[in-house]
1. Of the residues that sit in region 64-74 and are more than 19 Å from the chain's Cα centre (by Cα) and surrounded by 10 or more Cβ atoms within 10 Å (Cβ to Cβ), which one is nearest to Thr37 (Cα to Cα)?
2. Within the set of pairs 6 or more residues apart or between chains, which connect a residue that is at pLDDT 95 or above inside region 137-149 to a residue that is loosely packed, with under 10 Cβ neighbours inside 10 Å with Cβ atoms less than 8 Å apart?
3. Given the conditions (1) open to solvent by 40 Å² or more (accessible area, probe 1.4 Å); (2) under 27 Å from Thr6 (Cβ atoms); (3) in contact with a strand residue (DSSP E or B) (Cβ under 7 Å, 6 or more places away or on another chain), and given that Ile98 satisfies all but one, which numbered condition is not satisfied?
4. Among the residues of region 3-15, are any in a helix (DSSP H, G or I), touching a residue at least 24 places away in the same chain (Cβ under 8 Å), farther than 30 Å from Met73 by Cα and open to solvent by 70 Å² or more (accessible area, probe 1.4 Å)?
5. Could you tell me whether Val113 is in contact with a helix residue (DSSP H, G or I) (Cβ under 7 Å, 6 or more places away or on another chain) and part of a strand (DSSP E or B)?
6. Of all residues in region 160-186, which are of a type in the set (Ser, Thr, Tyr) and under 16 Å from Cys97 (Cβ atoms)?
7. Considering (1) within 23 Å of Asp12 (Cα to Cα); (2) assigned to a strand (DSSP E or B); (3) open to solvent by 70 Å² or more (accessible area, probe 1.4 Å), say which one Asp152 fails and leave the rest.
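The values are calculated or read from the model by the stated rules, or taken from the named source; none is laboratory data. From a predicted model like this one, the values you see are computed outputs, not experimental measurements. Neighbour counts are summed over all protein chains in view; Cβ atoms, including those assigned to glycine, are modelled from backbone coordinates with ideal geometry. The accessibility values were calculated without ligands, DNA or RNA, using every heavy atom of the protein model including side chains. Shrake-Rupley method; radii C 1.70, N 1.55, O 1.52, S 1.80 Å.
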Amino acid sequence: MKTVSTTLNGFDLEAIENTVTALKGNPKIAEFKFKATNKWESGPRNTSQIQGFYGACQEDRTRESPFVCSTDMPTVLNGTDVAPSPPEFLLHTLASCITTSMMLLASANGIGVDEVTVKVEGDLNLNGFLGLDSCILKEYEQIKVSIDVGGDLSFVERMKLLELAKKSPIYNTILNPVPVKIALSA
């Protein structure tokens, strides 16, 4: 008797299939709104709390406690170096979204992977941010992503994984910037 695996790469294949079926039946389920609240502490230190979000046509309140993410800057940039800097968090967010997206979609496509390491490196010149040189960008000048995949994979499967990695929402947000509205609260 052959046993059929119900998981691949740590993902529940039936749950993926059920989600896709539900989305096909009601596309509104796919509309999500994620939220974070940040509070300044001192100098470059601040902390964000992430708890509720809207998704699957309802406000999600299943998280009993918020996730807490602190940021700081290295001492050379007037910080106390007790937490990653916001530019480092952006790289973390990009790397983790690429990894998660690639592995979820690989599972849905029946591609088994043994190991994945994503390395991200960004070049940032503070002369642009500080307004010291108007010819230099305020944002990252470039971001390089290197994906190391382990497993018994064919060349075609490896190329498919690269294609799937590029479906990451964060990768696409960086590649195709979305409007960001900033305003003071009333």
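1. Filtering first and then ranking leaves Asp72.
2. Partner pairs satisfying both residue conditions: Asp148/Glu115; Val149/Glu115.
3. Ile98 satisfies every listed condition except (1).
4. No; the residues of region 3-15 include none that is in a helix (DSSP H, G or I), touching a residue at least 24 places away in the same chain (Cβ under 8 Å), farther than 30 Å from Met73 by Cα and open to solvent by 70 Å² or more (accessible area, probe 1.4 Å).
5. Answer is no for this residue.
6. Ser168, Tyr171, Thr173
7. Answer for Asp152: the failing condition is (2).
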